[in-house]
Amino acid sequence: MHAITIPEPGGPEALVWDEVPDPVPGEGEVLVEVVAGAVNRADLLQRRGFYDPPPGASPYPGLECSGRIVALGPGVGGWAVGDEVCALLSGGGYAEKVAVPAGQLLPVPAGLDLKQAAALPEVVCTVWSNVFMIAHLRPGETLLVHGGSSGIGTMAIQLARAVGAKVAVTAGTKEKLERCAELGADILINYREQDFVAELKQATDGAGADVILDNMGAKYLDRNVRALAVNGRLAIIGMQGGVKGELNIGALLDKRAAISATSLRARPLEEKAAIVAAVREHVWPLVADGHVRPVVDREIPMPDAAAAHRVVEDSGHVGKVLLVTPR
């Protein structure tokens, strides 16, 4: 088969479409023939040498894919050769085939084509696990999403609206904020021109956000705490703004607030399987009913993964960028 390899860490040109051995499904795994994968910022970090796959995972980038099952490993039940699926991965989505633990498979939701389904697993599992399973966003509460036009952001807006929450977003252009509004965002903040703490306070009559989904990390830490409502919850899922920040414990105590920080990739298999099962139970019906849809910016042939990385690196997209395998 072919896969995107990274012979040496570096810029987008470090991504090489090369012939590699076919993966073999192990105990409890299936082999998926990949139709499409999706680009995540974690892939950019891996390309630069800053985010190695967990031990035992595929060395190739790609944290989600869609395709068809072509082989079952020992001990797999409930799935059959030919099933159309999408999958949460620890790596290997930028390839023609990938071995996947059966607990990380999802059926393609009704009403969605197979390529579009590649845009779902990583973003849906990230949003559902952080915003709902950990931060427990409830109807009537306010969610602030940083990077509202990203793949994560566009999904968070839709899921929060689906459960009856109010949504505030930050984005860097008028056009991106307009797209967020189309998806259901209520409070639109241009982070290049506005102070999100002040804007959020004004829009919520001084209350702030009950839950904040943050991809920036250190750069936003102090302002995020100030933007939280009493009993608010800050969920950190990225560090685009650095890894070391100063935390005012007094402000956190005054608000009786909580901070969580998680990543999906390195979690144990049983934790990933539990998240995937929760997504299938709670989110898949919303997708099938048309209340939630993946937002796909563009499709790029997988051998041209470098072009896709440039788009994401420049933030020149809304939603997800897909990589489509050649056929």
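The values are calculated or read from the model by the stated rules, or taken from the named source; none is laboratory data. These numbers come from a predicted model, not from an experiment. All Cβ positions, even for glycine, are placed from backbone atoms using ideal geometry, and neighbour counts span all protein chains on display. Heavy atoms of the whole protein, side chains included, go into the accessibility calculation; ligands, DNA and RNA do not. Shrake-Rupley method; radii C 1.70, N 1.55, O 1.52, S 1.80 Å.
A few notes on this one:
- With a Förster radius of 35 Å applied to the C-beta separation of L247 and T173, the computed FRET efficiency comes to 0.70.
- Heavy-atom accessible surface of the range 43-192, averaged per residue, reaches 34 Å², computed with a 1.4 Å probe.
- Extending 7 Å from Cα along the Cβ direction at A207 and again at D18 yields two label points whose distance is 5.5 nm.
- Here each label is just a point 7 Å from Cα along the line to Cβ, and for A80 and D113 those points are 2.5 nm apart.
- More than 26 Å apart - percent of Cα-Cα pairs taken over the chain: 45 percent
- Normalised convex hull volume, the range 1-147, alpha-carbon set, Å³ per residue: 141 Å³
- Max-minus-min Cα coordinates of the range 121-197 on each principal axis give 33, 26, 20 Å, with the largest extent listed first.
- When you restrict to C-alpha pairs under 8 Å that are six or more residues apart and normalise by the size of the range 86-229, the relative contact order lands at 19 percent.
- q = 0.23, 0.29 Å⁻¹: log10 I(q)/I(0) that the Debye formula gives for the range 48-107, counting C-alpha atoms only: -0.94, -1.34
- Antiparallel DSSP beta bridges within the chain, as percent of all bridges there, nearest 5: 50 percent
- The residue list L234, G319, G56 was ranked by how far each Cα lies along the charge dipole of the chain toward its positive end, using unit charges on Cβ atoms, and L234 comes out on top.
- In Å², nearest 10: area of D289 left accessible to a 1.4 Å probe: 110 Å²
- For the range 148-250, projected area of the alpha-carbon convex hull averaged over all directions, nm²: 6.4 nm²
- For the range 5-120, the fraction of 1.4 Å probe accessible surface lying on carbon and sulfur atoms is 52 percent.
- The packing ranking, built from the mean of other Cβ atoms within 10 Å per residue, places the peptides 304-311, 245-252, 144-151 in the order 144-151, 304-311, 245-252, highest first.
- About the centre of its Cα atoms, the chain shows a dipole size close to 800 debye [charges on the beta carbon of Lys, Arg (+1) and Asp, Glu (-1) only; nearest 20 debye].
- Charge dipole (the chain, unit charges on Cβ, about Cα centre) - positive-most of V124, L106, L188: L188
- Only helical runs count toward this figure. For the chain, summing -39,500 (n - 2.57) over DSSP H runs of n ≥ 4 and dividing by all residues gives -7500 deg cm²/dmol at 222 nm.
- Solvent-accessible ranking of R48, R256, largest area first, probe 1.4 Å: R256, R48
- For A198 and A307, the difference between the fully extended length at 0.36 nm per residue and the C-alpha to C-alpha distance is 35.5 nm.
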